[in-house]
1. Distance between the C-alpha centers of segment 522-553 and segment 564-625? Whole Å please.
2. Can you compute the charge dipole magnitude of the chain about its Cα centre, using +1 on each Lys and Arg Cβ and -1 on each Asp and Glu Cβ, nothing else charged? Give it in debye, rounded to the nearest 20.
3. To the nearest 20 Debye, how big is the dipole of segment 189-268 about its Cα centre, given +1 on the beta carbon of each Lys and Arg and -1 on that of each Asp and Glu?
4. So for the pair R217, T439, with labels modelled 7 Å out along Cα→Cβ, what separation do we get in nm?
5. Modelled label-to-label distance, T390 and T530, 7 Å Cα→beta-carbon offset: nm?
6. Stretched out fully, how many nm does the piece from D431 to A510 gain, at 0.36 nm a residue minus the Cα gap?
7. Full extension from A502 to D334: what is 0.36 nm times the residue separation minus their Cα-Cα distance, to one decimal in nm?
8. Taking amide H atoms as placed 1.01 Å from N in the peptide plane, list the residues 5 or more away in sequence, or in a different chain, whose amide H sits under 5 Å from that of L191.
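Bear in mind that the values in this text are calculations on the coordinates, not laboratory data. As the structure is a prediction and not an experimental result, all values here were calculated from the model. Quick reminder, even Gly has a Cβ in these numbers, built from the backbone with ideal geometry, and neighbours come from all protein chains shown.
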Amino acid sequence: MPSFHEGEQHMKARTIWGRGISATLLIGVPALLPVAAHPGVITPEAGSTDADPHLEMVVESRTPLEGVDSDYERLTGHVYGEVDPDDPANAAIVNLDKAPVNDQGMVEYSVDFEIHKPTDMSEGNGTLLYEVVNRGRPLIPAFVNGEDTLLYDEGFTLVWSGWQGDLPESEATLNADFPVATDDGEPIVDLVRDEFVDQGTGTWTGTLSYPAASLDREEASLTIREKESDPRQPIDDWQYVNDQQIEVTHPGAPFDSGAIFEFIYPGTEPTVLGLGLLSTRDINSFLRFADQDKEGNPNPLGGESIDNAVALGVSQSGRYLREFIYEGFNQDLDGRQIFDGAMPIIAGSRRIWLNYEFAQVGRWSKQHEEHLQRGDQFPFTYPTIQDPLTGETDGILQACSATQTCPKIMHVDGEYEVWGARGSLVVTDGDPAGPTDVTMPDTVRLYMVAGTPHGGANAILPPNDDLGICQQVNTPLGTQAVIRSLVLRLDSWTADGVTPPASNYGSADAGTLVGSAQDETRFPDIPGVTYNGLFNYLRVTDYATTPPTEGAEYAVLVPRVDVDGNSRAGIRLPALEAPLATYTGWNHRSAGNAEGELCGSLGSFIPFAATKAERIDNGDPRRSLEERYSSDDRYVSRYSTWAHSLVRKGYLLPADAQSMIEEAKGISVR
């Protein structure tokens, strides 16, 4: 694929939109000049001559990067860091004061890292792109690069580091080694709540999140419920296998395979998992500003090679990124802003269950399973607002606004995030008396890609008819193509001040986000399709009790749809403007699997009838393919028109639009 930034790279004099996508954008925009420092923040300047006293970065392997036309190399190794538990900049980390310290009174940690960089850094584009790994795995080589080498063609320097301290050690992941907290050397013990779903209807073994402090059954409890909102029923047919596992026998009817088992037990050995946030801060500060580490090892990026830094996270990692910004960690220990831009992807309104005692980092709230996991309470949106239910005032950007270290934000969700991750709370105030839109600062852009599940496959038609435990086939649409374009626009925005595409998420005020009742969404009555308006509801939750206690409910909105059942809100891909089906961000569980609850993080693909006669015979209100398209050429023409429109608006790259059009050409609608 041709480079998005053709000609000189932006370290020298960045050229924007080299393929002439929009005639309204300036060509040859100079690099953004340093801004005046604000109180409490030091203006970032690349190439600091100081050694970083907080970490040692050991490069253990340096090899050519395979499969890339550009001259890149791959670096791997370990970072050995230490943090001061008495430094106010670290005070937000739970149990940091209970971690063991070295002779200098510092808490030590180590994490894996990986870097993909131009062999000659002067040939790069000057942007450090840090991806927060997802469960230890980099995703953007596949999620953004896809089938080409876009990010390498553009000259990015890619950086990853481990941060999730509860992952099992594996060579396939970037790991983190953080200490266990104690109470003056004595074990910390508290109640832990684990949840198990989709375990079948026989006897199964479940692994606990933390070691049990006692194997006394009287100190633990196990309950079951068929649906999330059902009352808990105690069951007794279980036993400890050891301090890390339990064995449970399913009680049978009326409970099925989708029932929720909740195990509450005294746990111990809580890791100081919030250290992951500090490691991300300190590693990226070192790579951006320092010449060498505390042992004299040179900065592998060369000190003066980076003039822009952006962070990106997908799903769990997007939630982590929102937490990182919320906690104020985009300011380093010398007061400098680390990331100029940040892109949380498919995070919804949530943050992450990380910086807590006995956190469970891999869990995330869905409507049915793991619904009450922490990390999804107020604040939800970026500017500071007042919570309509608690009266609390806060915002994701509140802490960094106080120090003038906020990154520019591009928040990108799919439609699933509106249904499953309360995405409307990012754009509205959630007031149950009548939610209204929240005014975003100029430094925030919000996007939602309609018709997509959590992530998605980026195709027009699904690869097969597999239902899994769901009632419908999963939607084949995805967010990838839009994200590929927006990553480059985030770079242009942060490095050169080029205004990105306008936000396009949905709006309560404009009526594209509404209540979930069918008379509000106007979802059509489609034969064989259940529409119950269910979404991942959210209530003010008190986590001081186990299980948590829920209170008043926020007003969560969902997309209003067109006559075909496709979202009117958000960025509509060509498959929604020239549709072959209804594509939704929700799906339901099938019989035998907690029927009627939302089916994980999947959407639905509900195809149109081929002919008018078939449609009438089925009682389907949606027009058939025969009634929509007089020929295959007519279908491709309509599809192509919208694909080119999305290119002009900045939501697609030309090459990706053309790839979509070629796929449409291979489909026969007649």
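1. Taking the Cα centre of segment 564-625 as reference, the centre of segment 522-553 is 21 Å away.
2. Working: 47 positive and 102 negative charges, 635 e Å.
That gives a dipole near 3040 debye.
3. On the way: 5 positive and 16 negative charges, 15 e Å.
Computed charge dipole of segment 189-268: roughly 80 debye.
4. 6.2 nm
5. Using points 7 Å along Cα→Cβ, the separation is 3.3 nm.
6. Details: separation 79, 0.36 × 79 = 28.44 nm, distance 1.62 nm.
Between D431 and A510, full extension yields an extra 26.8 nm.
7. Details: separation 168, 0.36 × 168 = 60.48 nm, distance 3.40 nm.
Contour length minus the Cα-Cα distance gives 57.1 nm.
8. Those qualifying (amide H under 5 Å, at least 5 residues apart or on another chain) are G267.
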